[in-house]
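Visitor: This is the structure I have questions about; it appears just below.
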Amino acid sequence: MQPVIELADVHLTLGEGAARVHVLKGVSLNIAHGETVSLLGPSGSGKSTLLMTLAGLERPDSGAVRIDGADLGALSEDALARFRGQKIGVVFQSFQLIPTMTALENVAVPLELAGKPDAFAVAEAELVAVGLGHRLSHYPTQLSGGEQQRVALARALAPDPLILAADEPTGNLDSETGASVIDLIFAQQKRRAATLVLVTHDATLAARCGRRVRLRSGRIETDEN
């Protein structure tokens with residue numbers, strides 16, 4: 001069975017001139033459909049960059065990234081954006097909500113832009129699923145950090161993506177709120193049989209994933225179940 005995520009000898013450099021950094025150094029990684037994988041490593045090890053690369057948000061200098069059999073390097077920017085909108089949901093540490101939109105609009109508008117029918121009905125159902133049915137008309141500034149991250153999770157899951165990519169999703173939350181958000185992520189992943197790739201510093205959280213990939217200096221150091 002073909003992996004849903006395939007990275008082959010991926011190199012990526014970020015920055016310009018003297019500030020250029022070789023962040024990913026020949027990373028190869030296959031992830032099967034429905035797997036839960038944590039990316040671990042010290043700051044600067046390349047784990048967030050690896051997540052952004054497999055999510056199609058960073059293009060590698062060399063090597064191949066294939067998602068569900070499609071070579072991302074062969075897609076134009078527009079085609080890649082459409083593909084990402086259908087196949088990959090991303091949750092960021094900093095929520096990335098649009099402050100002038102309500103919770104409902106934050107989830108529904110990306111669906112509308114993607115041409116999905118019933119965008120607002122789908123968005124409402126997703127917000128209910130993350131426990132925010134009573135907060136639909138609230139703006140981000142009226143929501144707690146945990147509630148904002150739940151909106152971000154609902155937005156990521158609304159297109160019913162194959163892959164959920166989460167970059168330190170509890171990084172801006174207290175431990176109790178973070179634990180509830182993580183429980184929700186795993187519950188939703190299981191319910192949808194999605195593939196979860198999770199960047200974290202937390203070894204306990206990483207241990208909840210079926211597989212742990214540890215990076216150091218832009219290379220995979222260990223990959224264990």
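Visitor: List every residue pair whose Cβ atoms sit under 9 Å apart, with the two residues 6 or more apart in sequence or on different chains, where the first one lies in the range 151-165 and is without any contact (Cβ under 8 Å) to a residue 24 or more places away in the chain and more than 16 Å from Ala193 (Cβ to Cβ) and the second, anywhere, is among the β-branched types (Val, Ile, Thr) and open to solvent by less than 10 Å² (accessible area, probe 1.4 Å).
Guide: none
Visitor: Restricting attention to the range 169-209, and to residues there that are in a loop (DSSP other than H, G, I, E, B), in contact with a Gly (Cβ under 9 Å, 6 or more places away or on another chain) and more than 15 Å from Gln93 (Cβ to Cβ), which single residue is most open to solvent (accessible area, probe 1.4 Å)?
Guide: Looking at the filtered set, the residue picked out is Ala193.
Visitor: Could you grab me the full set of residues in the range 50-74 that are out of contact with any Gly (no Cβ under 8 Å at 6 or more places or on another chain) and not small (Gly, Ala, Ser)?
Guide: Within the range 50-74, Leu50, Leu51, Met52, Thr53, Leu54, Leu57, Glu58, Asp61, Arg66, Asp68, Asp71 qualify.
Visitor: Quick one: how many residues across the range 101-117 are charged (D, E, K, R) and modelled with pLDDT under 95? Talk me through it step by step, then tell me what you get.
Guide: Kept after step one, since they are charged (D, E, K, R), are these residues of the range 101-117: 105, 112, 116.
Cutting the leftovers down to modelled with pLDDT under 95 gives us 112, 116.
Matching residues across the range 101-117 total 2.
For every residue, the table says whether it meets (1) on the phi < 0 side of the Ramachandran plot; (2) in contact (Cβ under 8 Å) with a residue 40 or more places away in the chain; (3) hydroxyl-bearing (Ser, Thr, Tyr); (4) open to solvent by 40 Å² or more (accessible area, probe 1.4 Å).
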| residue | (1), (2), (3), (4) |
| --- | --- |
| Leu39 | yes, yes, no, no |
| Lys47 | yes, yes, no, no |
| Ala55 | yes, yes, no, no |
| Arg66 | yes, yes, no, yes |
| Leu72 | yes, no, no, no |
| Ser76 | yes, no, yes, yes |
| Ile88 | yes, yes, no, no |
| Gln96 | no, yes, no, yes |
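Visitor: Same structure again: Do we have any residue at all in the range 130-141 that's open to solvent by less than 40 Å² (accessible area, probe 1.4 Å) and either of a type in the set (Phe, Trp, Tyr) or closer than 23 Å to Val37 by Cα (or both)?
Guide: Yes, the conditions are met somewhere in the range 130-141.
Visitor: When you check Arg150 against the structure, is it over 26 Å from Ala70 (Cβ atoms), open to solvent by 40 Å² or more (accessible area, probe 1.4 Å) and under 19 Å from the mean Cα position of the chain (by Cα), yes or no?
Guide: Taking the combined requirement at face value, the residue satisfies it.
For (1) of a type in the set (A, V, I, L, M); (2) more than 30 Å from Gly69 (Cβ to Cβ), each residue gets a yes or a no:
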| residue | (1), (2) |
| --- | --- |
| Ser144 | no, yes |
| Ala154 | yes, no |
| Glu168 | no, no |
| Ser175 | no, yes |
| His201 | no, yes |
| Arg212 | no, no |
| Ser217 | no, yes |
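Visitor: For the range 4-48, give me each residue that is touching a Cys at 6+ places or on another chain (Cβ under 6 Å) and over 20 Å from Lys87 (Cβ atoms).
Guide: Ser38
Visitor: Something else about it: Looking at the structure I just gave you, is Glu105 open to solvent by less than 50 Å² (accessible area, probe 1.4 Å) and either farther than 21 Å from Ala193 by Cα or not β-branched (Val, Ile, Thr) (or both)?
Guide: Answer is no for this residue.
Visitor: Same structure, new question: Those residues that are within 20 Å of Phe186 (Cα to Cα) and of a type in the set (Ser, Thr, Tyr), I need them from the range 81-130; list them, please.
Guide: The answer is Ser94, and nothing else.
Visitor: Of all residues in the range 15-37 being without any contact (Cβ under 8 Å) to a residue 40 or more places away in the chain and farther than 14 Å from Val197 by Cα, which is most open to solvent (accessible area, probe 1.4 Å)?
Guide: Within the range 15-37, the match that is most open to solvent (accessible area, probe 1.4 Å) is Glu16.
Visitor: Here's a check for you: in the range 210-225, which residue that is open to solvent by 50 Å² or more (accessible area, probe 1.4 Å) and assigned to a loop (DSSP other than H, G, I, E, B) is modelled with the lowest pLDDT?
Guide: Asn225
The values are calculated or read from the model by the stated rules, or taken from the named source; none is laboratory data. Note that the coordinates shown come from a computational prediction; the quantities given were computed from them, not determined experimentally. Note: ideal-geometry Cβ built from the backbone for every residue, glycine included; neighbour counts use all protein chains shown. These area figures cover heavy atoms from the full protein model, side chains too; ligands, DNA and RNA do not enter into them. Shrake-Rupley method; radii C 1.70, N 1.55, O 1.52, S 1.80 Å.
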